[in-house]
Amino acid sequence: MLHPIRKQIRVRGIVQGVGFRPFVYNLARSLGLTGYVLNSSAGVLIEVEGDPARIECFVRELKENPPPLADVEGISTAPLELAGDTTFSIHESLDQPGELAPVSPDVSTCPECLSDFQTPGNRRFGYPFTNCTNCGPRYTITRMIPYDRPLTTMACFPMCDQCLREYEDPSNRRFHAQPNACPDCGPSLSLSVETSDPQLHHARQLLRQGRILAIKGLGGFHLVCDPFNDATVRLLRQRKKRSDKPFALMVADVASAERLCFISDAERMALTSIRRPIVILTARCLEGGDAPVSEAVAPGNNTLGVMLPYTPLHHLLFRESLEAAPEFSALVMTSGNLSEEPIVTGNREAALRLHSIADAFLFHNRDIHTRVDDSVARVFASQERVLRRSRGYAPHPVTLSFPVAEILACGAELKNTFCLTKDHHAFLSQHIGDLENYETLVFYRETLDRMKQLFRIAPTAVAYDLHPQYLSTKLALEMTDLQQIGVQHHHAHIASCMAENGIAGKVIGVAFDGTGFGTDGKIWGGEFLVADFAGFERRGHFRYIALAGGDTAVREPWRLALSYLLDTFGGQLDSLDLPLLQRVPPKKVATVRSMIERRINTVETSAAGRLFDAVASMAGVRDEVNFEAQAAIELEACALAGVDDRYPFEVTGDQIDVRPMIERIVRDALAGTPVGWISAAFHNTVAAIIVEVCSRLRSAEGLDRVCLSGGTFQNVYLVERAVAALRANGFEVFLHARVPPNDGGISLGQAVIANNALQS
Ligand SMILES: [Zn+2]
Ligand SMILES: [Zn+2]
């Protein structure tokens, strides 16, 4: 060696708990370099000594070929004095207060572990907690950083000699795999009912008999039953107090998914990705056919939410022997909770809260420190798009194209997530849920405390929604020691889309959703903004209509239909013989009509979501809903393919007037036009409105970038139509992909707007 040198190398990003140190160790040894590697709370720290060309090669490999789960954000090097090491070694973890080290999300079982677990004779054959450096629990078991076994919920399982040898051997796949375990030393299962059979065998038997099981998983309990048993699925709905909201399915394998659903290549990739989200797929057939799941799994839907097994335990639920064909091709796997409460994580908590739902419990004794629900994704506009960002995604940060202050953004009311920012990172919490009950609020506070600690963020400012009644807003306003920054709901949606796509400057923002507090005190939700991070102008919106009875109106779309009908026909409404007015009791209609006409207990709204509700009711799809957006989802589900017609509308100044469309829809409904045709023409009209208003704004402002955000843009029919039409008209269109378009993504927008306010 001519002139050896020594360098310090810092690697930032997701580099802990992903096999990075053994990779570095083996790389250094193969290049004949000496020195050491260690995990610090700021990432991985390396010192190498040796030939300069080999060190250059070493750094290049770190950048270009890191382990599959690593996400290297940056590598910096600095020269050091020679130290004369004779070997390369792995040192103890080092904690640097104030420094930030992202924690890896939980990862589904890797192919090697699956093979260990499926190979007779392997010491982990059939062991439900098999994992390695490339897979297994992470965020859900991490109490503190740095990510080391004593700081996880695996601390109480001392490793046996064999596991310890793997753990200490840098050439082993389980080197420093913090959750490493085997049947001799690791966590184990226990079934709540007495049986002389093996526990899993008995659990499967119970499922086959139509029982409902509560099964502890990775981020919480699932309620599990046989989706082909109609009576059981209906019983689960009844016990869970859940009327129509779809249940997710776990399928044994991709072939089983294909028997139930149509799967494109992009959907297959989403299904089999290491994140293993629930993927919304088009159902082949919900009733009849060769693989009929109960209609009660997803009432009124033409889609099914499907995921693949992501822990070894899941694989065991499906089959007796790992070589045998699965006993079930699918299982209902819904969050273990009561209606909208947070998912249950503790064994005792489960026994207490789920005893009225589950016939038996399958527990295990590895504690879940952080509750994390299953994520939901859907492929549209040719890409996987996250609709609920939780397991497998959280707490992986969204990387921003600019540095940000330490800020807490509290999110909205429904589908809540909050967001903490620091450096170039936006850490979105896992899905917290609807902030409408005490348990969810406790979950919110608990997760906030933990994430602040885990990512060492001490916010100086708090961003919140302008809606005075949101619990998230009330929480923010209690934080009087922080600078408080209110952010308009739809501005936040657009900023979230901009931040995710790494764009800045003015854009045309189309924010369509069900509800959001406007600066005029009215309920917005059909908004065209000219916006940047600094502010927005409201340049277009649906004409206001009356929402009679507040929240009741949201549950009863027929009230919206009546509002639109009165707005369109006025007194002439009486001369129309509308089926809608016959379905609802006349007394109710009269009361609501008088409320609307006299503006009693009404608020005005421009929300697109409410227009979808109204049209769903007018078309006869649904007059009442029991979960958010149900009417809109069913209206979309029935839209006929191949219809290009649309209805008329008018744009005057900043107002979009859909009365010409309502008139035609009523005429079509009375003439017996198929609902699917009305639905398609209605969706086409909304897409045409988007293009028309954006075109006007382009003429006025010279802007051609359009951001689409808000819950309405989960509507695949609408998004695909609108995007195609906008692109055909020369617009550059930005959608969400990694951050939900619904209120689950809004905290990101709040944070970047607040950051902008702090800097100006
Ligand atoms: Zn593995
Ligand atoms: Zn062991």
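Summary table below
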| item | result |
| --- | --- |
| Average accessible area per residue (Å²) across the stretch 121-259 - probe 1.4 Å, nucleic acids and ligands excluded | 37 Å² |
| Cα-centre dipole for the stretch 1-147 with unit charges at Cβ (Lys and Arg positive, Asp and Glu negative), debye to 20 | 240 debye |
| Å² per residue, accessible surface of the stretch 522-585 at 1.4 Å | 35 Å² |
| Of 247, 279, 207, farthest towards positive along the dipole that unit charges on Lys, Arg, Asp, Glu beta carbons give the stretch 184-297 | 247 |
| FRET efficiency, 1/(1 + (r/R0)^6) with R0 22 Å, evaluated for residue 87 and residue 164 via beta carbons | 0.55 |
| Ranked packing of 431-443, 66-78, 463-475, 507-519, most packed first, by mean Cβ within 10 Å | 507-519, 463-475, 431-443, 66-78 |
| Cα long-axis angle, helix 557-569 against the chain (0 to 90 degrees, to the nearest 10) | 40 degrees |
| Distant-in-sequence amide H partners of residue 306 (H built 1.01 Å from N, under 5 Å) | 249, 279, 280, 281 |
| Centroid-to-centroid separation of the stretch 441-494 and the stretch 592-670 [C-alpha atoms, Å] | 34 Å |
| Placed amide H near residue 519: partners under 5 Å, 5+ positions off or other chain | none |
| Gain upon complete extension [residue 155, residue 667; 0.36 nm per residue less C-alpha separation] | 177.5 nm |
| Of all accessible heavy-atom area on the chain, the percent that carbon and sulfur account for (1.4 Å) | 49 percent |
| Exceeding the 28 Å Cα-Cα cut-off - candidates 474/522; 422/522; 240/415; 240/587; 245/588; 415/522 | 422/522; 240/587 |
| 0 to 90° range, to nearest 10: angle between helix 716-728 axis and the chain longest Cα axis | 90 degrees |
| Between 0 and 90°, nearest 10: helix 746-759 axis offset from the chain longest Cα axis | 80 degrees |
| Heavy-atom accessible area per residue - the stretch 401-481, 1.4 Å, Å² | 36 Å² |
| Cβ-placed point charges (K, R +1; D, E -1), dipole of the chain about Cα centre in debye, nearest 20 | 480 debye |
| Whether the stretch 592-655 is rounded, prolate or oblate, judged on the alpha carbon gyration tensor where a/c under 1.5 counts as rounded | oblate |
| Taking the chain and dividing mean pair separation by its residue count, relative contact order in percent (alpha carbons under 8 Å, at least six apart) | 11 percent |
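The values are calculated or read from the model by the stated rules, or taken from the named source; none is laboratory data. Because the structure is predicted, anything quoted here is derived from the model rather than measured. Methodologically, a virtual Cβ is constructed for each residue, glycine included, from the backbone with ideal geometry; neighbour enumeration extends over all protein chains shown. Surface areas here come from the heavy atoms of the whole protein model, side chains and all, with no ligands, DNA or RNA. Shrake-Rupley method; radii C 1.70, N 1.55, O 1.52, S 1.80 Å.
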